[in-house]
Amino acid sequence: MGTIPLSSPHFAGNEVAYVTQCIETGWVAGGAFIEDFEERVSSFLGKKRAVATASGTAALHVTLRVIGIEPGDEVIIPTLTFVAPSNAIRYVGAQPVFMDVDPVYWQIDVEKLSDFFKEECRPSNRGLLNRSTGRPVKAVIAVDLMGHPVDMDSIVELCRQYDVVVVEDAAESLGALYRGKKVGALADVACLSFNGNKVITSGAGGMVVTDNEVWADRVKYFIDQAKDDPAEYYHGEIGYNYRITNVHAAIGLAQMEKLHDHVAAKRSLAAYYNKGFTGIEGITPQGEADWAKSIFWLYTVLVDPDLCGTDRRRLMVALQNAGIQTRPLWVPNHLLPAHNQCQAYRITIADRIHQKGLSLPSSVGITEDERAFVVEQVVRAVGG
Ligand SMILES: *Cc1c(COP(=O)(O)O)cnc(C)c1O
């Protein structure tokens with residue numbers, strides 16, 4: 001057995017056939033796969049529009065621009081996340097306000113969010129204002145973290161009350177369900193990623209999904225250099241080169257055709273791991289709420305040094321030595337040099353989850369021998 005990777009892409013469908021078609025027809029930049037890919041995703045999610053982009057980060061950036069986030073505005077975001085959405089907030093000149101997460105599912109803490117609105121904000125003719133900074137609070141980016149949905153009904157209800165836009169960052173969770181509804185279809189607008197380590201990949205790519213036709217048209221406009229008159233090269237605003245290529249869309253479409261299989265494989269791996277770690281003191285997997293169907297994007301456990309014979313760092317080294325690749329969770333974004341001057345609201349849980357969290361091999365194509373070896377090595381390392 002070679003090294004067992006954390007997560008490698010899985011190609012078992014039409015990828016080669018579709019990419020070959022791009023090369024043979026010469027349609028490698030623009031082309032028909034882009035619309036096919038968008039159509040496949042929008043119909044899967046039951047949304048009117050999907051616009052493909054060069055990356056998930058690009059999707060977030062252009063979404064914030066299109067929903068009207070301006071320099072000096074504030075956007076609320078969970079601190080425990082990949083850094084992309086925090087950076088996107090800064091790209092448009094806005095400031096993140098970092099929220100804590102809940103201790104079991106690790107999603108944005110809705111109670112603290114509610115307290116923040118109630119206690120830290122006040123209504124004004126410029127919209128909701130953060131009392132301590134005086135800045136308008138315009139949006140929440142709800143990140144469906146590690147394949148598990150946020151409690152979106154509560155978030156949407158709360159944000160409606162305060163007239164705040166909800167952006168769903170579903171980059172890690174396409175295929176998951178929230179109260180039977182599809183993740184990526186739960187808020188005013190959603191951003192997806194098809195980066196190499198996501199549940200399905202286009203190599204690189206992202207998507208903006210929404211029922212709002214005006215927003216979708218504006219996204220299309222901005223990702224293609226804001227061309228008002230393509231023939232005359234007249235650009236009405238500062239746009240971006242954020243288009244996806246036909247080659248990437250071809251791979252994405254082929255992967256989208258297999259999403260169901262990928263999700264099934266991830267869920268079955270999670271069930272196997274859960275069983276293997278049952279009764280092992282100090283190893284606690286990310287929870288799955290009874291209202292959720294997680295895709296377990298990266299299967300992650302908390303390692304509690306007070307309860308087992310090791311901590312997250314030492315377990316990582318032990319598994320590395322056994323040829324098993326693992327990964328810690330992201331450093332809470334409010335602690336990163338680029339963002340640590342921004343407001344962090346009553347954060348107590350996220351730091352602890354970061355210190356204890358370790359993601360285990362989660363590839364769609366992991367073999368039965370490999371997953372058994374992972375459980376065996378974890379159990380051995382913690383002295384179970
Ligand atoms: C992966 C990811 C993104 C976007 O990633 P790209 O690599 O730019 O496609 C955005 N948000 C979250 C939470 C992610 O995990």
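The values are calculated or read from the model by the stated rules, or taken from the named source; none is laboratory data. Please read all numbers here as calculations on a predicted model, not as lab measurements. Cβ sites come from the backbone with ideal geometry, for glycine too, and all protein chains shown count toward neighbours. Heavy atoms of the whole protein, side chains included, go into the accessibility calculation; ligands, DNA and RNA do not. Shrake-Rupley method; radii C 1.70, N 1.55, O 1.52, S 1.80 Å.
With the simple model of a label 7 Å out from the Cα in the direction of the Cβ, Val317 to Asp224 spans 5.4 nm. With contacts defined as alpha carbon pairs under 8 Å and 6 or more residues apart, what's the relative contact order of the chain in percent? After rounding, I find 24 percent. In this simple spin-label approximation, Arg380 and Glu24 carry label points 7 Å from Cα along the Cα→Cβ vector, and these lie 4.9 nm apart.
Dipole of segment 39-164 computed with +1 at Lys/Arg Cβ and -1 at Asp/Glu Cβ about the Cα centre; of Ile108, Thr133, Ala88, farthest Cα towards the positive end is Ala88. The charge dipole of segment 199-354, taken about its Cα centre with unit charges on the Cβ atoms of Lys, Arg (+1), Asp and Glu (-1) only, comes to about 700 debye.
Taking the Cα centre of the chain as the origin, how large is its charge dipole in debye, to the nearest 20, when only Lys and Arg (+1) and Asp and Glu (-1) carry charge on their Cβ atoms? So the magnitude is around 540 debye.
DSSP loop (so not H, G, I, E, B), at most 14 other Cβ within 10 Å: list which trypsin sites (Lys or Arg not before Pro) in segment 30-136 pass both filters. Working shown, then result.
Details: sites: Arg40, Lys47, Lys48, Arg49, Arg65, Arg90, Lys112, Lys118, Arg126, Arg131; in loops: Lys47, Lys48, Arg126, Arg131.
Those that pass, being in a loop and sparsely packed, are Lys48, Arg126, Arg131.
For the chain, what does the accessible surface come to per residue with a 1.4 Å probe? Please give it in Å². Write down the numbers at each step before the final one.
Working: 16040 Å² over 384 residues.
Per-residue accessible area for the chain comes out at 42 Å².
I'd like the carbon and sulfur percentage of the solvent accessible area for the chain, probe radius 1.4 Å, heavy atoms only, ligands and nucleic acids excluded. Here it works out to 50 percent. Qualifying chymotrypsin sites (Phe, Trp or Tyr not before Pro) in segment 163-256, where qualification requires a DSSP coil assignment and no more than 14 other C-beta atoms within 10 Å, comprise Tyr233. The GluC sites (Glu not before Pro) of segment 212-242 that meet both conditions, a loop assignment by DSSP and at most 13 other Cβ atoms within 10 Å of the site Cβ, are Glu232, Glu237.
Counting only residues at least eight positions apart within a chain, or on another chain, the lysines with an alpha carbon under 28 Å from that of Lys182 are Lys47, Lys48, Lys112, Lys138, Lys198, Lys220, Lys258, Lys266, Lys275, Lys293.
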